[in-house]
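Here is the structure we will look at.
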Amino acid sequence: MNKTIITINRECGSGGRDIACRMGEILGLKVYDKAIIEAICEKYNLDKKEIQRIKSQKLNLWDDLCQFYRQFGTEGDRYLTENKKVTSRELYYAESQIMRNLAEQESCIIVGRAGFHIFKDNPDAIHIFLIADRDVRIRNIAERENLDERNAAKFIDDVDRAREIFTKNFVGVSRYDARNYDLVINVSRFSSDQVATFLAENIRMKMGN
């Protein structure tokens, strides 16, 4: 039986993860977001802030050297393990493999991580992008992170910028390009439950179940 993979990318503050979790409840699917980050943290012995810092960096010469040394198998791996710092490319490969492994085991919802690209050739994958008006996002982040509006706006800009850099580095397109997705929704005027229910119902119809 084919596995249904739902990828959800979102603007910071749009409530994308809450919507994904609610969809998971309705459809009976597991949602993977923090689980992926935690697996990466464990693999590289990093905290989450350090992972976000690495992912927001642009590619550098060291990334290309990593690729060069990998050609030499075990010896190259040993050299990298002993000498390298973790790069954004390493994180991307690790995250991608974790997501593919999860998708092979079960139908699931994957939040972020350029999932729209990793599963772009999977005929059973559905790609969704959630956006929201800036004032709505600022209000959501201010409440969630206990920030004033100015700092909430900066938080949003920093997160969105890091996600865009990461996506362009490894996918070569903007995450805001609607052509990456099957559906783009502005969630500003709807509750998380309304959006999740709408998406879940239409996904059920599409998949014939």
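Taking every protein chain into account, the accessible area of region 99-143 amounts to 42 square angstrom per residue (probe 1.4 Å). Taking R0 as 41 Å, what's the FRET efficiency between ARG204 and ALA35 from their Cβ-Cβ distance, rounded to 0.05? It comes to 0.95.
Given a cut-off of 18 Å, name the pairs among LYS55/LYS168; LYS48/LYS168; LYS30/LYS168; LYS34/LYS206; LYS168/LYS206 whose C-alpha atoms lie farther apart than that in the structure shown. Beyond 18 Å between Cα atoms: LYS48/LYS168; LYS30/LYS168; LYS34/LYS206; LYS168/LYS206.
Apolar share of the accessible surface for region 101-174: 44 percent from carbon plus sulfur atoms, 1.4 Å probe.
The values are calculated or read from the model by the stated rules, or taken from the named source; none is laboratory data. Please read these numbers as outputs of a predicted model, since none were measured by experiment. Here Cβ is always computed from backbone atoms with ideal geometry, including for glycine, and neighbour counts include all displayed protein chains. The protein model used for the area step is the full one, side chains on, heavy atoms only, and it has no ligands, DNA or RNA in it. Shrake-Rupley method; radii C 1.70, N 1.55, O 1.52, S 1.80 Å.
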